[in-house]
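The values are calculated or read from the model by the stated rules, or taken from the named source; none is laboratory data. Note that the structure is predicted; figures quoted are calculated from it, not measured. Because the Cβ atoms are built from the backbone with ideal geometry, glycine has one as well, and the counts that use them run over all protein chains shown.
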Amino acid sequence: MISFSDVSKRYPGGQESLTEVTFTLEPGEFAFVAGRSGAGKSTLLKLIPAIERPSSGTVLVNGQNVGALRRAALPYLRRNLGLVFQDQKLLYDRSVFDNVALPLAFSDHSPREAARRARAALDKVGLLGRERANPVQLSGGEQQRLAIARAVVNRPATLVADEPTANLDAESARAILQIFFAFNQVGVTVLIATHDEALLEGCARRVLRLAGGRLLS
């Protein structure tokens, strides 16, 4: 589903965020990208939807070389990717329901089908009863669940999340993680970046460890 082959990412000025990273994530797999702040986790995740492009090496997503895709092809790539980044980009002038339904406005779904899908996504993350609320009325954990609902409303094959439990208490973090486990159990490929070692304790999932932009194990 996701394959990195000798991928490096350099920024202007010579800063190298990733160096010769190689790994493969199989369809339906669940894995963490672990490492301290500055290890290159966010850069790695941004290469998957082509928010960033590799300086060298190859990134394949579902068989497509994303580094070689034209800009016009990127929306089609991202339709099969659910993206949850640290900057949630929630719309605070719209309701919870409208935040989730927004990605469907760019699809060919009828208004009735779009509403059904949005409510189904909210139900999966436990927010169906808050659909008329404004995001500012939600707790931090609820806002993160809202971001996840928006990411999965298109029913993507792959879910990518950057520090989805950051700034949450331990109980809320575990609840968010359980949502990702539930999606994985129905076949969604999941890749989560985290610096929280406590989150990984006792979790029998694959861990890709980054340090200084290099994959250690």
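Go through segment 44-63 and give me each residue that's assigned to a strand (DSSP E or B) and within 15 Å of Ser8 (Cβ to Cβ).
If the condition is that a residue be assigned to a strand (DSSP E or B) and within 15 Å of Ser8 (Cβ to Cβ), then Ser56, Gly57, Thr58, Val59 are the ones that fit.
Tally time: how many residues in segment 23-47 are within 28 Å of Gln185 (Cβ to Cβ), surrounded by fewer than 22 Cβ atoms within 10 Å (Cβ to Cβ) and of a type outside the set (A, V, I, L, M, F, W, C)?
Counting residues in segment 23-47 that are within 28 Å of Gln185 (Cβ to Cβ), surrounded by fewer than 22 Cβ atoms within 10 Å (Cβ to Cβ) and of a type outside the set (A, V, I, L, M, F, W, C) gives 7.
The rows are residues; the columns are (1) in the same structural domain as Ala211 (by TED's automatic domain parsing); (2) in contact with a strand residue (DSSP E or B) (Cβ under 6 Å, 6 or more places away or on another chain); (3) of a type in the set (Gly, Ala, Ser); (4) farther than 30 Å from Asn134 by Cβ.
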position	(1), (2), (3), (4)
Pro54	yes, yes, no, yes
Arg70	yes, no, no, yes
Asp98	no, no, no, no
Asp108	no, no, no, no
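Looking at segment 77-93, which of its residues are in contact with a Leu (Cβ under 9 Å, 6 or more places away or on another chain) and either surrounded by 16 or more Cβ atoms within 10 Å (Cβ to Cβ) or free of Cβ contacts under 8 Å to residues at least 40 places away in the same chain (or both)?
Within segment 77-93, Leu77, Leu81, Gly82, Leu83, Val84, Phe85, Gln88, Leu90 qualify.
Could you list, in sequence order, the residues of segment 91-106 that are more than 14 Å from Ala120 (Cα to Cα) and either in contact with an Asp or Glu (Cβ under 7 Å, 6 or more places away or on another chain) or modelled with pLDDT of 90 or more (or both)?
Leu91, Tyr92, Asp93, Arg94, Ser95
Determine whether Gly141 is outside the structural domain of Ile176 (by TED's automatic domain parsing), under 18 Å from the mean Cα position of the chain (by Cα) and closer than 22 Å to Glu171 by Cβ.
yes
Could you list all residues from segment 67-96 that are within 17 Å of Leu44 (Cβ to Cβ) and more than 16 Å from the chain's Cα centre (by Cα)?
Correct list: Gly67 only.
Any idea which of (1) buried (at least 20 other Cβ atoms within 10 Å of the Cβ); (2) more than 24 Å from Val190 (Cα to Cα); (3) at pLDDT below 90 is the one Pro135 doesn't satisfy?
Just one mismatch for Pro135, condition (3).
Which one of Leu146, Leu138, Leu177 is within 26 Å of Pro103 (Cα to Cα) and touching a Cys at 6+ places or on another chain (Cβ under 9 Å)?
Within the list Leu146, Leu138, Leu177, the selection yields Leu177.
Taking the stated definitions as given, is Leu199 outside any strand (DSSP E or B), surrounded by 15 or more Cβ atoms within 10 Å (Cβ to Cβ), out of contact with any Leu (no Cβ under 8 Å at 6 or more places or on another chain) and not small (Gly, Ala, Ser)?
For Leu199, the condition - outside any strand (DSSP E or B), surrounded by 15 or more Cβ atoms within 10 Å (Cβ to Cβ), out of contact with any Leu (no Cβ under 8 Å at 6 or more places or on another chain) and not small (Gly, Ala, Ser) - is not met.
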